[in-house]
Each structure stands twice: as structure tokens, then as C-alpha cells.
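Enquirer: Got a structure for you, written out below as C-alpha cells; questions coming shortly.
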Amino acid sequence: MGTQCEPGEARLDPGLSVIMGERRQLINLAYRLLGSLADAEDAVQEACVRWYAMSPRQREAIESPGGWLAKVAGRICLDQLRSARARRERYVGAWIPEPLPDRTEWWEGRPGGAAADPADRVTLDESVGMAFLVVLESMTPAERVAFILHDVFRYSFAEVAEIVGRSPAACRQLASSARRRMRASPAPAMSAARSADVVRDFKQAWEAKDIAALIGLLDPGATALADGGGLVDAAIHPVVGGEQIARYLIAVAGKVPRQTILERTVNGRPGLVVQHAGVTTSVIAFEVVGDRITRCWAVRNPEKLWAWTA
């Protein structure tokens, strides 16, 4: 995609050293806006391309290259969100954000043998939790951008207005509307340790095909979503109810008898990775309330699992 933002180029372009220092921030911003690390990297790369499309004199006139790039990347993400709404209407089954591994579990290679840039790694906190990202998907593109920029990254509403193309007052209203959506779908603040215990028990019950134990670990009103993107087998519609989910999981295990289930950190929370013949086939995130699982998100679309594939 045109000129690359490579660290070595900083020696030739003094301004690039500042830009490379902002790259991690830009990836973090773009992932939260788009829910896809691949799309986030594309958005940041496009912002870099636009930087180099300017003349040296134009670049020198920019007081804050990082601020300029954040503004451009934010606008690119907003455009992508608007077009994504139409694309996702044609998406086969549920669309779930691309899951992220923990930094210590990150695969150190990329397709084609390129090394992973440590700056590309997304900082894992509550704003990348799967429950948080799923609520973001219910927002309009403008609400999502205003909320993430202001409430998560602390941009002023005047700065947000330049990206969204609305007045600061309108952006304030967008962020307020987004907060109401968040409050309507609260993510319980369970400790990671307690969630890990529940997820571990769930893993063991699934491996043992113990349907009674699975039902006991699932809330009666639990919901499970699977994202296969039409590329692999996955439930097209949500599976609702603890018993129904348990029976579905037992059926899945029966179809793939030699699968391996691993405990992993998924978007900063305890989750599971399912492998078959050493290949990651599913990454599952959970919401745990008390001692029971209330929501499961299983990403099976292979295009969303590249960061998990060794």
C-alpha cells in the first residue's frame, strides 16, 4: 500500500521518529474504533501514506505530526465504520470483533514471514473487553468515534468535532448517547481470577462431555454467539439458554473428537482457544457474572484468527 511507515526511515525523516512514537497509540485507537486489528493496521497505514503524499514543505508546516495522524486515522476509521454497516448486513451469521491474545501469547510472526512490530500490540484494558466492544457495535459510527475519542482517549470535544465533522456541542451529545448505551449493557466487574476459575471449570466439563456440569456453569438465560463469517461451520443464530448451549457444545465436541482446548487470555479476560491438529479453529471469550457464564462469543472465522495461528 504505497510508502511504508518503517522505523529505519526515521533516520531520513526527523518527523517520522515522532510518528513512529505515535504508532502504538494510533493502533490502539483504530482497533477500538473498528473492532478489527487487521482493519486498524490498514487505517494507520493509510494515514502514513497520506503523510508521505504531502510535500516536505507541507509536512514541515505541521506542528504536531502525531496529532495530524490521529485526526486522519480517525476520519479513515469513521468512513470505514459507515461502509461497514452495509457490509455487515450481508455478513453470514453474527459479526464478532476480532479477538486479541495477551501480549505474552502474541504470535511473533506474520503471514509472509514479517516480524511483528511490538508497537502494533494493543494495550489490553477494559476498553477492549469483548463485552465492551460488542456494545460499541450497537452504536452509530459517529457515536462510537465520539465516545472512544473523548471518553477513552481523552480528546477534547473540539478535537473530536474536527474528526467527526460536527460541532463540539453535537459531539458532546453523541458521547452522552453512547454512555447511555453503555449503562444499559453493563459489563460486571468480576475479578479475572474468579472468572478464570469459572472458565477453567467450563473447559474441564466440556472436555469430559459432562452436560450436567456445563449446565451448572451456564446461566439459565445465557447467550452464545458464533462468528464463522460463512467460511467455516458455525451457528448462524444465537444459541439461547444454558441447557441449549451445553447440548450444542457437546454436539460440537462429538463432531471433532480430537480437539484440544487451551486456557488463554482473550481481550484481556480469561477465555479459551480450541485447536484441531495444532491449528487454532476457535477463540472463545466469556462474560462471567457471579459463578456463572452469561455470554459466550466464539470466533471461528479464520480471517479473524491470524494473530492466534502459529
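The values are calculated or read from the model by the stated rules, or taken from the named source; none is laboratory data. Everything quoted here is computed from the prediction, not taken from an experiment. Ideal geometry is used to build each Cβ from the backbone, glycine not excepted, and the neighbour counts take in all protein chains shown. Remember, those area values only see protein heavy atoms, side chains included, never the ligands or the DNA or RNA. Shrake-Rupley method; radii C 1.70, N 1.55, O 1.52, S 1.80 Å.
Enquirer: Considering only the stretch 229-257, state which residues are at pLDDT below 90, of a type outside the set (D, E, K, R) and not in a loop (DSSP other than H, G, I, E, B).
Expert: Within the stretch 229-257, VAL252, ALA253, GLY254 qualify.
Listed here are the residues, each with its yes/no results for (1) more than 23 Å from LEU305 (Cα to Cα); (2) at pLDDT 90 or above; (3) surrounded by fewer than 13 Cβ atoms within 10 Å (Cβ to Cβ); (4) small (Gly, Ala, Ser).
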| residue | (1), (2), (3), (4) |
| --- | --- |
| GLY8 | yes, no, yes, yes |
| LEU12 | yes, no, yes, no |
| ASN28 | no, yes, no, no |
| SER36 | no, yes, no, yes |
| ASP42 | no, yes, no, no |
| GLN45 | no, yes, no, no |
| TYR52 | yes, no, no, no |
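Enquirer: Another question about this same structure. Could you please find all residues in the stretch 54-104 being modelled with pLDDT of 85 or more, under 30 Å from LEU225 (Cα atoms) and among the aliphatic types (A, V, I, L, M)?
Expert: Scanning the stretch 54-104 gives ILE76, LEU78, LEU81, VAL92, ALA94, ILE96, LEU100.
Enquirer: Still on this structure: May I ask you to say which residue of GLU22, GLU63 is in a helix (DSSP H, G or I) and open to solvent by 30 Å² or more (accessible area, probe 1.4 Å)?
Expert: So the residue among GLU22, GLU63 that is in a helix (DSSP H, G or I) and open to solvent by 30 Å² or more (accessible area, probe 1.4 Å) is GLU22.
Enquirer: Does at least one position in the stretch 272-291 carry a residue that is over 14 Å from ALA196 (Cα atoms), of a type in the set (Gly, Ala, Ser) and either modelled with pLDDT of 95 or more or buried (at least 23 other Cβ atoms within 10 Å of the Cβ) (or both)?
Expert: yes
Enquirer: Report, by residue number, each residue of the stretch 254-264 that is within 21 Å of GLY93 (Cβ to Cβ) and buried (at least 16 other Cβ atoms within 10 Å of the Cβ).
Expert: GLN259
Enquirer: What is the number of the single condition among (1) of a type outside the set (Val, Ile, Thr); (2) farther than 19 Å from ALA193 by Cβ; (3) in contact (Cβ under 8 Å) with a residue 12 or more places away in the chain that PRO257 does not meet?
Expert: Among (1) of a type outside the set (Val, Ile, Thr); (2) farther than 19 Å from ALA193 by Cβ; (3) in contact (Cβ under 8 Å) with a residue 12 or more places away in the chain, PRO257 violates only (3).
Enquirer: Any idea which of (1) more than 28 Å from PRO141 (Cα to Cα); (2) surrounded by fewer than 19 Cβ atoms within 10 Å (Cβ to Cβ) is the one VAL199 doesn't satisfy?
Expert: Here VAL199 clears every test but (2).
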